[in-house]
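As structure tokens, the structure follows; a few thoughts come after it.
The values are calculated or read from the model by the stated rules, or taken from the named source; none is laboratory data. The structure displayed is predicted, hence computed values, not measured ones. With ideal geometry, Cβ positions are generated from the backbone for all residues, glycine too; neighbour counts draw on all protein chains shown.
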Amino acid sequence: QKEVEQDPGPLSVPEGAIVSLNCTYSNSAFQYFMWYRQYSRKGPELLMYTYSSGNKEDGRFTAQVDKSSKYISLFIRDSQPSDSATYLCAMSLGGYQKVTFGTGTKLQVIP
Amino acid sequence: GAVVSQHPSRVICKSGTSVKIECRSLDFQATTMFWYRQFPKQSLMLMATSNEGSKATYEQGVEKDKFLINHASLTLSTLTVTSAHPEDSSFYICSARNRLAANEQFFGPGTRLTVL
């Protein structure tokens, strides 16, 4: 079993839709949770990070962490074609620990 | 946001040659930098952790004599692929951890290596 599981997609949605991206994990010791966006042939870009359980909102993006279920989500409201990319979840045990990545979900927002 | 650069962005070389890739944090100090490989449609695979002024820590299965890492300053780490072979062809990405905000890890744009 992989430490972090993420549906690879692809996920296609119409412009303006609400997108839900999810990851599950097996290590209950993970404390920091991140979401990265990666455009084709580019390096990942940090979108959001959260500590422990709870929600965090930044513009059209909302990150949720449910440690009891070992489940994290990223919601994108009013999706735009420019949101088309691969989204990687990532997590770590602590600030100075290595980061474990999911395989990424490819999202396509259709105009 | 913090900026991490990588050079070169793309390199094509002959089998048996060595290739050096630079990773720089442009507007922050990074005591720790990471080197990843990414194969098509796969996630990032951590190769090694590079700490300024000390030897790199390699992940299991990564040959330290083949992938030489040097972290000479708080803003520069280099990865040298020695005696490259076609199977080393991949997308190499570095990331840097902000010394003042350890939870934030910023990635470079990646280097596409093709070994003929």
Give me a count of the residues in the stretch B:6-26 that are surrounded by fewer than 16 Cβ atoms within 10 Å (Cβ to Cβ), polar (S, T, N, Q) and closer than 10 Å to B:THR111 by Cα. 1
If you scan the stretch A:38-95, which residues turn out to be free of Cβ contacts under 8 Å to residues at least 60 places away in the same chain and among the charged types (D, E, K, R)? A:ARG41, A:LYS42, A:GLU45, A:LYS56, A:GLU57, A:ASP58, A:ARG60, A:ASP66, A:LYS67, A:LYS70, A:ARG77
All conditions in (1) on the phi > 0 side of the Ramachandran plot; (2) modelled with pLDDT of 95 or more are true of A:GLY54 except (2)
With the requirement that a residue be assigned to a strand (DSSP E or B), within 12 Å of chain A (Cβ to nearest Cβ) and under 20 Å from B:LEU68 (Cβ atoms), what does the stretch B:6-32 give you? B:GLN6, B:CYS23, B:THR32
I need the strands (runs of 3 or more DSSP E) fully contained in the stretch A:44-111, keeping only those with at least 2 residues that are surrounded by 14 or more Cβ atoms within 10 Å (Cβ to Cβ) and either away from chain B (no Cβ under 14 Å) or among the aliphatic types (A, V, I, L, M) (or both). A:45-51, A:61-66, A:71-76, A:85-92, A:105-110
